[in-house]
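Shown next, in structure tokens, is the structure this report addresses.
None of the figures in this text is laboratory data; all of them are computed from the coordinates on show. Keep in mind that what you see is a predicted model, and the values were worked out from it rather than measured. Every residue, glycine among them, receives a Cβ derived from its backbone with ideal geometry; neighbour counts consider all protein chains shown.
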Amino acid sequence: MNNITKVLDFASLMGYYVVTGDERILRLATKVQMMATNETLEEQFSEIEDWASSKGFEVVLETDADDRVEWDEKSIYINSRNRIENRYYTLLHECGHILIAQAWQDFDKDHPMYASSMDGREARSKAYKVSTVAEELEAWKRGRRLARRFNHYVNDDKYDEHVTRNVMSYIEWAAGVEK
């Protein structure tokens with residue numbers, strides 16, 4: 001069943017629900033809508049995966065993986081246990097890091113600690129921590145722009161929740177807050 005068919009099925013079911021008030025029909029309509037959304041997200045994930053491949057990066061779905069870019073391997077690891085929407089938004093974010101790296105001189109102008117994370121003393125400095133938080137925010141921003149470039153659907157409210165939850169973990173790290 002393609003997405004257009006699912007959208008029409010959803011619209012028909014919602015019309016039937018409005019007429020009858022039958023809660024079972026509402027649950028069925030919601031299920032049809034979720035199937036269409038998940039299919040769309042799978043397709044979008046695949047397109048961004050192809051984009052990453054064109055940049056020389058392999059996307060690796062791995063159970064319980066820490067979501068990250070491995071620069072030496074040229075791999076992007078995504079936790080396969082997450083729902084497709086979270087996997088897609090996370091992939092956008094990791095691709096945002098690739099976009100930053102491609103133009104690191106521009107980012108480095110505003111964040112001078114960006115390029116010097118190998119020194120343990122610098123990595124513990126406040127400037128480095130602030131730069132890291134800034135890079136995380138920038139990667140989320142560039143990931144959303146990448147989705148727009150592909151004309152992908154992004155639920156901005158859910159994306160923003162994902163950004164907030166993930167960036168807060170970096171803010172807590174930078175502030176030295178123990179979990």
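Quick rundown of the values:
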read-out	value
Gain in span if fully extended, GLU42 to GLN102, counting 0.36 nm per residue against the direct Cα distance	19.0 nm
Burial order of peptide ranges 146-153, 82-89, 97-104 (average beta-carbon count within 10 Å, highest first)	82-89, 97-104, 146-153
Theoretical gain in end-to-end length, GLU161 to LEU61 [0.36 nm per residue, Cα-Cα removed]	33.8 nm
Estimated inter-spin distance, ARG149 and ALA174, nm [label 7 Å along Cα→Cβ]	2.5 nm
